[in-house]
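Structure first, then comments.
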Amino acid sequence: MSVQLLVASHAAGKGTEADAVFSILKEANAAIAKLGKDKVVNASIGAIYDEEENFVTLSAVEDYFRRLPAAELMNYAPIAGLPEFHAAVLEQTFQGFQPDNTYAKAIATPGGTGAVRHVIYNYLEQGQKVLIPDWAWGPYRTIAAEHSRGIETYCLFDEEYRFNLASIKEKIEELLALQDHVVIIFNTPAHNPTGYSITLAEWRKLVELFKDCTADPKKKIIPLIDLAYLDYAGTSEETRGFMKLFSELPENILVTMAYSMSKSFLIYGLRSGALVGLSSSEAVIEEFYRVNVCSNRGVWSNGTRCAQRLLADVAKNPALKTKIDEERAFYSRLLFERANLFLQEAAEVGLQLMPYHSGFFITVPAANPRALAAKLMQEQIYAVPLKKGVRFALCAVPTHKISGMPTKIRQALGKDNIPQV
Ligand SMILES: Cc1ncc(COP(=O)(O)O)c(C=O)c1O
């Protein structure tokens, strides 16, 4: 129930629902305090913890910050971000897969979150809807609501858990009949919460669809690709190869990407990332840059200078880059090992999972996710109930606690809680 005391009417209902992740984390921490760490599986939080359940940093990144002069650590950055940072973001994002004959620019934002905010605000009219997948990171909804934009959802998977192009087509066409702009969010590779990555063949079909839907120059499609887990999903070619498909798109398609340093450098709290725009039109990219830099000034001013300096230095210091890449690769392999153990046992006990390729999370579909999460809590397994399943953050669970988990989940699910498809 929301009570409006002093706030304006549009703010009255805000914050009445507890944050799904942080409320489960609180319960997990209470259980750890009572029973001890060994008795509790905390699969709630989307940050990497090592095999001893300590928070992980990349030591080369930590050393870098500890040696940075105070002015680089604490001073303002330019509103748009350091120019060297822009170049480094484009290099990191594309890693050689920028499509031919395109213009690209980057603008510093506080994490990928800031980039998502700018696209939803600057590329939709007030009251228009942003198209997001039914399986999605919760804050997309919060950000849309915060800016008086609505939400429409497409089904990411069909009944057989295959990528659902038909649903995307239907929803884009429906929205284009009502509004001239469509902003559609994809979180790939290593989607949160399922771990799915859109394949190259699926991207080819998506690009064709975007082109078909923008034959009328009045209609505009702005795909927003949320790259939060980009560096934990395979080689540069596997993770960025699809970007090459965005060449020679019509001018009324603007590809936008939310680049994040949070996971790639394990600096979640330093709040650094960028919004990247890609277009066949120089004018569209100039407008993109002007408008979004102005939004920086109007919302949070500037980003975190030391994080920008890190990325700029990584781009010009091969030894630093190699060290960071090697450390990240170690944790990426650890995630794959944990996931493989989970997948193997899930197959053995007949536990249905959402299609997983890589990343921080594995999700179990359930008819009543809250009931499943509550039952698992009795077993001291803490995971986040979503609308249509329960998300297990394997990034936070040491390997020795993974064996046995799928069996317990299968038992807790029972017969009644398996979704009917
Ligand atoms: C799917 C997804 N997108 C974006 C983000 C934003 O991350 P940040 O703003 O820290 O870059 C996250 C973080 O958890 C995420 O899971």
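With a sphere of radius 15 Å drawn around the Cβ of residue 76, what net charge do the other residues whose Cβ falls strictly inside it have (Lys, Arg +1; Asp, Glu -1)?
Details: positive: 271, 297, 305, 309; negative: 72.
It works out to a net charge of +3.
Extension gain, residue 70-residue 33: 0.36 nm per intervening residue step, less the Cα-Cα distance, totals 9.6 nm.
Placing unit charges on the Cβ atoms of the charged side chains and taking the dipole of the stretch 1-88 about its Cα centre, the candidate lying farthest along the positive direction among 77, 45, 18 is 18. Rounded to whole numbers, the Karplus 3J(HN,Hα) couplings from phi for the stretch 77-91 are 9, x, 3, 7, x, 4, x, 5, 5, 4, 4, 5, 4, 5, 5 Hz, using 6.51 cos²θ - 1.76 cosθ + 1.60 with θ = phi - 60°, and x at Gly and Pro. If Rh is defined by the Kirkwood formula over all Cα pairs and Rg also comes from Cα, what ratio Rg/Rh do you get for the stretch 91-222? Computed over Cα atoms, the ratio is 0.94.
Any idea what the dipole of the chain comes to, in debye rounded to 20, about its Cα centre with Lys/Arg Cβ at +1 and Asp/Glu Cβ at -1?
920 debye
Size of the stretch 175-218 from its Cα atoms: along the principal axes, largest to smallest, the extents are 35, 20, 11 Å.
By the Stokes-Einstein formula, at 0.692 mPa s and 37 °C, the chain with its Kirkwood radius over alpha-carbon pairs has D equal to 147 µm²/s.
Label reach from residue 337 (point 7 Å along Cα→C-beta): in the stretch 43-71, amide nitrogens under 12 Å belong to 50-52. Using the Karplus relation 6.51 cos²θ - 1.76 cosθ + 1.60 with θ = phi - 60°, the per-residue 3J(HN,Hα) values for the stretch 219-235 come to 8, 10, 10, 10, x, 10, 9, 8, 9, 3, 10, 3, 8, 10, 9, x, 6 Hz, with x marking Gly and Pro.
Measuring nothing but how far apart in sequence close Cα pairs (under 8 Å, 6+ apart) lie, relative to its length, the stretch 69-318 scores a relative contact order of 32 percent. Between residue 130 and 150, 151, 152, the built amide H atoms are under 5 Å apart, and every one of these is 5 or more places off in sequence or on another chain. Of the trypsin sites (Lys or Arg not before Pro) in the stretch 217-269, the ones in a loop by DSSP (not H, G, I, E or B) with at most 13 other beta carbons within 10 Å are 218. For the pair residue 14 and residue 212 in one chain, pulling the backbone fully straight at 0.36 nm per residue adds 67.4 nm over the alpha carbon distance.
Quick one: dipole size for the stretch 123-202, taken about the Cα centre, charges +1 on Lys/Arg Cβ and -1 on Asp/Glu Cβ, in debye to the nearest 20.
Working: 6 positive and 12 negative charges, 50 e Å.
Rounded to the nearest 20 debye, it is 240 debye.
The residue list 365, 329, 355 was ranked by how far each Cα lies along the charge dipole of the stretch 248-367 toward its positive end, using unit charges on Cβ atoms, and 329 comes out on top. The calculated FRET efficiency for residue 237 paired with residue 5, based on their beta-carbon distance and R0 = 35 Å, is about 0.05. For the stretch 344-380, backbone nitrogen atoms closer than 11 Å to the point 7 Å from residue 411 Cα along Cα-to-C-beta are found at 379. Using the Stokes-Einstein relation with a Kirkwood hydrodynamic radius computed over Cα pairs, the translational diffusion coefficient of the stretch 125-176 at 4 °C and a viscosity of 1.567 mPa s comes to 112 µm²/s. Between residue 348 and residue 200, the contour length at 0.36 nm per residue exceeds the Cα-Cα span by 50.3 nm.
Amide H contacts of residue 255: 278, each under 5 Å away and 5 or more positions distant or on a separate chain (H built 1.01 Å from N in the peptide plane; Pro and chain starts excluded). Whole-Hz Karplus values for the stretch 271-281 come out as 6, 9, x, 7, 9, 10, x, 9, 8, 7, 10 Hz, taken residue by residue from phi with 6.51 cos²θ - 1.76 cosθ + 1.60 and θ = phi - 60°; glycine and proline positions read x.
Debye-formula intensities of the stretch 69-318, expressed as log10 I(q)/I(0) at q = 0.08, 0.11, 0.12, 0.14 Å⁻¹, are -0.28, -0.54, -0.65, -0.90 (one equal scatterer per alpha-carbon, no solvent).
Only Lys, Arg, Asp and Glu count, each charged at its Cβ (+1, +1, -1, -1), so figure out the dipole size of the stretch 336-420 about its Cα centre, rounded to 20 debye.
So the dipole magnitude of the stretch 336-420 works out to roughly 280 debye.
With 20 Å as the limit on Cα-Cα distance, the pairs of 169/244; 169/220; 263/375; 34/408; 39/401; 171/220 that go past it are 169/244; 263/375; 34/408. With a/c under 1.5 counting as rounded, go ahead and sort the stretch 214-324 into rounded, prolate or oblate using the C-alpha gyration tensor (a ≥ b ≥ c being the square roots of the eigenvalues; past the cut-off, prolate if a/b is larger than b/c, else oblate). Since a/c reaches 1.5 but b/c is at least a/b, the shape of the stretch 214-324 is classed as oblate.
Taken together, the values in this text are just the output of simple stated rules run on the coordinates, not laboratory data. What you are looking at is a predicted structure, and each value in this text was computed from that prediction instead of being measured. So basically every Cβ, Gly included, is an ideal-geometry build from the backbone, and we count neighbours across all protein chains shown.
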